[in-house]
Amino acid sequence: MNMKYNKLILGFSLLLLGYSCSKAQSNDAHLTLPQGFKATIVANDLGRARHIAVTPEGDMYVKLNRLKDGKGIVYLQDTNHDGIFEKQTSFGDYSGTGIYLKNGYLYASSDNSVYRYKLNAQNQVIHPDQPEKIIEGLINRRQHESKSIVLDNAGYIYVNIGAYSNSCQEKDRQNESMGIPGCPLLDSAGGIWRFNADKLNQTYGDGIRYATGFRNVVGLDWNQQDNSLYVMQHGRDQLTMFPKYYDNEKSAQLPAETMYKVVEGTNGGWPYSYYDQFQHKKILSPEYGGDSEKEYKGKADDPIMAFPAHMAPNGLLFYTGNQFPEKYKNGAFIAFHGSWNRAPLPQEGYYVVFVPFKDGKPTGDWEVFANGFAGVSQVSSSRDAEHRPCGLAQGPDGSLYVSDDSKGTIYKISYQK
Amino acid sequence: MKYLLLLFAVSIAALSFSSFSEKKVVSFQQKSTPMTRGKVIYTQYCLPCHQADGGGVLHLNPPLIKTSYVLGSKVTLVEILTKGLNKGVEIDGDSYTNPMPAQNLTDQQVADVLTFVRNSFGNKASAVSAAEVKAIRAKLK
């Protein structure tokens, strides 16, 4: 190729670059969405934006997983009502994942505690420097340490306490290391704990282990339609540690990421079993004598829906708004953070899916709702993805908000008739 | 006819044997540097967590790109590889939490994969020899 062509191509690329930059400034998010939907970027560069909560006034609280300028919660306002959050205020000296609004309080979690802040009539935090600590001393041993939170309508708060292990092996993530009999981690982790939402300084003894056998839950929500808790479990990694039964490709596609309806006593089956979405059954884990086919006969509940492996569901939201078309009403949106351990296959996820629901039951299969967060057509290493969906929230006008904890972008997805 | 068939079978066998051994030679030559051997080991044992680009996974698996771990002490590297590491690692203000399992590799394999990692993903550091690995492992025991 001669110089002239090179220069032409360079010029053209610069033009394209200029065009895409100006598009970005116009706040179009360039997501792939169903017909009639539009996504705009309403905030940018917030940091590691995890879960989000929107007030009835349309303001947003964002929980950060890493302190930014020493603060872990960002309060976003759209004071000039142009649809973009141009005003940012930060508070809270702890990082974490969980944030939720209920009954005049803002609840937020670090990786070992849960705090709350009293709100004024405009749902603004009255004393940002004086949170009340309602729960403390929760297990944080570095793995699956985030504490997701949600409240019901009866004064209880539900907290995920993830297992500090992949599959409760004697030696975590070590080839062919067997599972510890009667996995002791389950006493203080690997489940959902329930506490009083209105009592200070609680710890394990003050709450109950509401559900167990959940390796790690990040996305969870209270379904108002059937007044129940729903959770998304992050399935186990590295079945290939047992190469007799699993090659790399099999391990890349198993186990399913799973959705459960959770009532008191629900058991997700971890670490003794996992859900195989191809055989449609619970399989005994190889750490506990499984061979990839033996069905698990112990106590465990079935998921209500199974998704491809390792996609990391980080956000769950039941849609109660009136803006979206009828089929979305009461359905579930799930933000998949995106996989990292599907090599040698391409990575998967990095999108938001929709599951239609009625009266607490899925009425159809899941479908990709919003895609394109990664900004590339194929992710082979997780860093290839520019943005990673994490938290979900519904605005007062029925729009859907999605957070990205990679670049700190907030997306607003709306439907235009 | 019988003889003809036999001759046919023998020549097929000879042909396939010769092409097989040729392939063997070629692939042996391709894999015969520490970098190419190291890449094979990396792909099998390290890539699932540390990723194809060596960039790791934020908060879970540490990056192997220009970190003090990768470019620094060979003793520490050999120890992490052969004994595992189960404590949080902090790199550029982010913590990485997944435990590193001990790898069951020969001295030569450890040397090759470390040489590969120290000279891939934008890294540039001295090679690691099997003799060095052997000496370090003897002290670690």
Going by the conditions given, is A:Leu31 at pLDDT 55 or above, farther than 30 Å from A:Gly70 by Cα, under 25 Å from the mean Cα position of the chain (by Cα) and open to solvent by less than 40 Å² (accessible area, probe 1.4 Å)?
yes
Quick check on the range A:155-168: of everything there that is more than 20 Å from the chain's Cα centre (by Cα) and open to solvent by 10 Å² or more (accessible area, probe 1.4 Å), which residue is nearest to the other protein chains (Cβ to nearest Cβ)?
A:Tyr156
Please go through (1) among the charged types (D, E, K, R); (2) on the phi > 0 side of the Ramachandran plot; (3) buried (at least 20 other Cβ atoms within 10 Å of the Cβ) for B:Arg118 and return the number of the only condition it doesn't satisfy.
(2)
Among the numbered conditions (1) out of contact with any Asp or Glu (no Cβ under 6 Å at 6 or more places or on another chain); (2) within 14 Å of another protein chain (Cβ to nearest Cβ); (3) hydrophobic (A, V, I, L, M, F, W, C), tell me where A:Met305 comes up short.
(2)
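Yes/no per residue for (1) within 20 Å of A:Val54 (Cα to Cα); (2) touching a residue at least 24 places away in the same chain (Cβ under 8 Å); (3) open to solvent by 10 Å² or more (accessible area, probe 1.4 Å):
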{"site": "A:Asp301", "(1), (2), (3)": "no, yes, yes"}
{"site": "A:Ile304", "(1), (2), (3)": "no, yes, yes"}
{"site": "A:Pro313", "(1), (2), (3)": "no, yes, no"}
{"site": "A:Lys329", "(1), (2), (3)": "yes, no, yes"}
{"site": "A:Trp340", "(1), (2), (3)": "no, yes, yes"}
{"site": "A:Ala343", "(1), (2), (3)": "no, yes, yes"}
{"site": "A:Asp359", "(1), (2), (3)": "no, yes, yes"}
All but one of (1) more than 24 Å from A:Asn27 (Cβ to Cβ); (2) within 14 Å of chain B (Cβ to nearest Cβ); (3) touching a residue at least 12 places away in the same chain (Cβ under 8 Å); (4) not in a loop (DSSP other than H, G, I, E, B) hold for A:Arg383; which doesn't?
(3)
Any chance you could count how many residues in the range B:98-124 are in contact with a strand residue (DSSP E or B) (Cβ under 9 Å, 6 or more places away or on another chain) and away from chain A (no Cβ under 14 Å)?
0
Is there a residue being surrounded by 18 or more Cβ atoms within 10 Å (Cβ to Cβ), aliphatic (A, V, I, L, M) and within 7 Å of chain A (Cβ to nearest Cβ) anywhere in the range B:64-71?
no
Filtered residues of the range A:195-216 (kept if over 23 Å from the mean Cα position of the chain (by Cα), in a loop (DSSP other than H, G, I, E, B) and farther than 30 Å from B:Leu60 by Cβ):
A:Asp198, A:Lys199, A:Leu200, A:Asn201
Only residues that are within 13 Å of chain A (Cβ to nearest Cβ) and free of Cβ contacts under 8 Å to residues at least 24 places away in the same chain: list them for the range B:72-97, please.
B:Gly84, B:Leu85, B:Asn86, B:Lys87, B:Gly88, B:Glu90, B:Asp92, B:Gly93
Filter the range B:38-50 for residues that are under 15 Å from B:Arg118 (Cα atoms) and over 8 Å from the mean Cα position of the chain (by Cα); the one that is farthest from the other protein chains (Cβ to nearest Cβ) is B:His50
Long-range neighbours under 6 Å by Cβ, at least six apart or interchain, first residue free of Cβ contacts under 8 Å to residues at least 12 places away in the same chain within the range B:50-62, second of a type in the set (Phe, Trp, Tyr) and part of a helix (DSSP H, G or I)
none
Top-ranked residue of the range B:124-135 - restricted to ones that are closer than 11 Å to B:Ala111 by Cα and part of a helix (DSSP H, G or I), ranked as most open to solvent (accessible area, probe 1.4 Å)
B:Lys134
For the range A:34-63, what are the residues that are hydrophobic (A, V, I, L, M, F, W, C) and either open to solvent by 40 Å² or more (accessible area, probe 1.4 Å) or under 16 Å from A:Lys407 (Cβ atoms) (or both)?
A:Ala39, A:Ile41, A:Val42, A:Ala43, A:Leu46, A:Ala49, A:Ile52, A:Val62
A:Ile192 in a strand (DSSP E or B), closer than 24 Å to A:Asp359 by Cα and modelled with pLDDT of 95 or more
yes
Output for the range A:64-95, where each listed residue is in a loop (DSSP other than H, G, I, E, B), open to solvent by 70 Å² or more (accessible area, probe 1.4 Å) and under 14 Å from A:Ser110 (Cα atoms):
A:Asp93
Within the range A:139-154, take every residue that is among the hydrophobic types (A, V, I, L, M, F, W, C) and open to solvent by less than 10 Å² (accessible area, probe 1.4 Å) and give me the one that is farthest from the other protein chains (Cβ to nearest Cβ).
A:Leu151
Subset of the range A:389-416 [open to solvent by less than 20 Å² (accessible area, probe 1.4 Å) and either modelled with pLDDT under 95 or assigned to a loop (DSSP other than H, G, I, E, B) (or both)]:
A:Gly395, A:Gly398, A:Ser399, A:Asp405, A:Gly408, A:Thr409
Which condition number in (1) over 15 Å from A:Thr240 (Cα atoms); (2) surrounded by fewer than 20 Cβ atoms within 10 Å (Cβ to Cβ); (3) in contact with a Leu (Cβ under 8 Å, 6 or more places away or on another chain) is the one that A:Tyr272 fails?
(2)
Among the numbered criteria (1) buried (at least 16 other Cβ atoms within 10 Å of the Cβ); (2) over 22 Å from A:His337 (Cα atoms); (3) without any contact (Cβ under 8 Å) to a residue 60 or more places away in the chain, which one does B:Ala111 miss?
(3)
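The values are calculated or read from the model by the stated rules, or taken from the named source; none is laboratory data. Here the structure is a predicted model, which is why all the values come from computation and not from measurement. Cβ: placed from backbone, ideal geometry, glycine included. Neighbour counts: every protein chain shown. Accessible surface areas use protein heavy atoms only, side chains included; no ligands, DNA or RNA. Shrake-Rupley method; radii C 1.70, N 1.55, O 1.52, S 1.80 Å.
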